[in-house]
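Novice: Just dropping this structure here.
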Amino acid sequence: MNSAVNQAQGIIDISKIPSLPQTLIELIDKCNSKDRNLKEIGEVVARDVSISARILQLANSAFLGARNKFTDIEQAVIYRGVDTVRNLAISVSVHETFSDIDKSGVLNIGTFWYHSFLTAVIAKTLSQEVRYPDQAKAYLTGLLHDVGKLLLFTSFPDDYPSILEQESNGDMLPILERGNLRVTHPEASSLLVSQWGLEQSITDAVYSHHEDETELEEHDTLTKLLSIANRFSNALMIDQSPDGESSEKLLGIAPQNIPVIIQESKEEVDLITAEMGIHTTTDPLVRRKPSKQLHTNRADLAKKVQAISTIGGVVDN
């Protein structure tokens, strides 16, 4: 995997990789430390007024089932947990980092975030079903699994939209990316996650989330959770029923349990996106724009109509 990520690093302009706020980088370091100090973690977050305010808003929101209102970050760290606060900080920071990525309006950025949050919440809900010990990590992995698409859009603004338009959902997208760009969005996502200093297990899962079932059987539970969550989310984006056979085969979750998981996940995503002020949509990721050929055809047709009307004097016809 490292060789593929190194190859991606050679193809993608590193200067295009967005930097995370220094506060978040310090927070990740503190959270990854063996000797976590809750007071220090709270102090790091509190330094950034914008991030800390959003974290408090989300920590007190309905989607986390808040009963008591937290008035400072240290309280949120103590009662919500280090991993939850870290994930909230990353959610806010990544969303703000990419908020101005597409000023041309080609991307439906609301569609991107809807799929990302839906995958994150489904991964977390599935992890509860299989009693995976780190549900916060499952959520974070789901949230970041497709950020490589935004990096590829930034690096290849003329070519990538047409690739997304051909196959915005499903497992054909990495094949199209490889053929046209020599790099895939899972590789680009892994590069970003690695550059941001997150755990290797997250990097590995993001890199492998489009592999087929036979290959996934050899991976750890986190990768399986992400892959299934991504498939379920993709199916829901195009109004299809998720395939429960794969979840049963890879995770041992009975197909009859899937509808409840999906319904609970969708309700939670609606709450999250509402709290973050994200306008979500299930429209295609790329807004269709008239092709050059279509413009040419319209121009030719206009000329022909003008010629006919001039020669015959029959504008109405």
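Computed from the coordinates by the stated procedures, all read-outs in this text should not be read as laboratory data. This one's a predicted model, so the numbers in the text were calculated from it and none came from an experiment. So basically every Cβ, Gly included, is an ideal-geometry build from the backbone, and we count neighbours across all protein chains shown.
Novice: Under 5 Å between amide hydrogens, which residues at least 5 positions from Val286 or on another chain qualify, with H placed 1.01 Å from N in the peptide plane?
Specialist: Here Asn108 satisfy the definition.
Novice: Just round it to a whole percent: the fraction of Cα-Cα distances in segment 85-223 exceeding 22 Å.
Specialist: Of all Cα-Cα pairs in segment 85-223, 36 percent lie more than 22 Å apart.
Novice: While we're on this one: Can you give the FRET efficiency for Lys34 and Glu218, using 1/(1 + (r/R0)^6), R0 = 30 Å, r = Cβ-Cβ distance, to the nearest 0.05? Walk me through the numbers before you get to the answer.
Specialist: On the way: r = 29 Å, r/R0 = 0.97.
E between Lys34 and Glu218, to the nearest 0.05, is 0.55.
Novice: Next up: Could you sort the peptides 145-155, 36-46 by per-residue average Cβ neighbour count (10 Å cutoff), highest mean leading?
Specialist: By packing density, highest mean first, the sequence is 145-155, 36-46.
Novice: Another question, then. Determine the alpha carbon to alpha carbon distance for each of Lys124/Lys149; Lys39/Lys266; Lys34/Lys149; Lys34/Lys266; Lys149/Lys266; Lys39/Lys224 and list only those over 28 Å.
Specialist: Values: Lys124/Lys149 22 Å; Lys39/Lys266 34 Å; Lys34/Lys149 33 Å; Lys34/Lys266 35 Å; Lys149/Lys266 23 Å; Lys39/Lys224 35 Å.
Where the Cα-Cα span goes over 28 Å, the pairs concerned are Lys39/Lys266; Lys34/Lys149; Lys34/Lys266; Lys39/Lys224.
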